[in-house]
Amino acid sequence: MTKRDWTQPNSCATLPPMSKGFLKNTYGLDSVEKTMEHYSQWSASYDAEVSENGYALPGRIANAVAGVTEDKGAPVLDFGCGTGLSGTALKLIGFEVIDGMDVSADMLAQARLKNAYRTLTHADATQPPPFHIGEYGLVTACGVIGSGAAPIKVLDDLTTKLASGNRLAFSFNDNTLADPAYPARVQHYRQNGFALIFEEYGEHLPGIDLKSTVYIIEKT
């Protein structure tokens, strides 16, 4: 696989940040197409709006994976990296080699500005994640799966890319946890070749009173 370094920002991402209240519309999106368009339009003002609402998830996931990782020099994949807040949190806590991947070119343009990543790859939302089985000992998916984001199939696709001993860190927000299919999928993994090594419910976006559960599973 050849990773592409996303160097040319889309023109939409170069516009001055203008808050249009994108956050309030995020959790009602009901298709991949609407979700991609939403995040593309939100890219320039995303960091400012989620920061205003106390976005805690990137730091929570970074702390969680740091607590169970001995070698922070091994490559990490930040899948669904968005504007790079999750990669920045990983870098700040000591991870040295971070690759980012996202389906939005506009979000990737913002991530490039943070200088947290070794590579940034533009993924195709209609295809499985473009990396090899066992390529990464740790994959993170910070706020990627669930309501207002990627469908549960994407989580399944990620688990198929893990070799024995590899780990996946991900999160389900309150809206996602309200759908029994999502917690049930975690139990399914536990019964089919994965160990749940971390689970914590806590702050997500305090500004809108939204919480989430962070999970880390390991392929056995």
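Some points to look at:
- Taking 16 Å as the cut-off, the amide N atoms of segment 85-128 that come nearer than this to a point 7 Å along the Cα-to-beta-carbon line of SER51 belong to 85-90, 92, 110-116.
- Listed cross-link partners LYS72/LYS114; LYS91/LYS153; LYS91/LYS114; LYS72/LYS161 are compared with a 22 Å cut-off, the Cα-Cα value being larger for LYS91/LYS153.
- The mean sequence separation of alpha-carbon pairs under 8 Å and at least six residues apart, normalised by the residue count of segment 21-219, gives a relative contact order of 21 percent.
- Here the label points at ALA125 and SER164, each 7 Å from Cα along the C-beta direction, are separated by 3.8 nm in the simple model.
- Selection from ILE98, LEU77, LEU108 lying farthest towards where the dipole of segment 49-116 points positive, charges on Cβ: ILE98
- For segment 55-134, the relative contact order comes to 27 percent (Cα pairs under 8 Å, sequence separation of at least 6).
- Point-to-point label distance, ASN192-ASP157, nm (Cα→Cβ direction, 7 Å offset): 1.8
- Net dipole in debye of segment 21-219 [+1 Lys, Arg Cβ; -1 Asp, Glu Cβ; about Cα centre; nearest 20]: 300
- Using 0.36 nm per residue and subtracting the Cα-Cα separation, the extra length available between ASP209 and ILE133 on full extension is 23.6 nm.
- Taking other residues whose beta carbon is less than 15 angstrom from the beta carbon of ILE197, and scoring Lys, Arg as +1 and Asp, Glu as -1, yields -1.
- Other residues with beta-carbon under 15 Å from the beta-carbon of ALA184 carry, at +1 per Lys or Arg and -1 per Asp or Glu, a net charge of 0.
A short reminder: the numbers here are calculations on the coordinates, not readings from a lab. Keep in mind the model is a prediction, meaning the values are calculated, not measured. For neighbour counting, all protein chains shown are included, and Cβ atoms are generated from backbone atoms with ideal geometry for every residue, glycine included.
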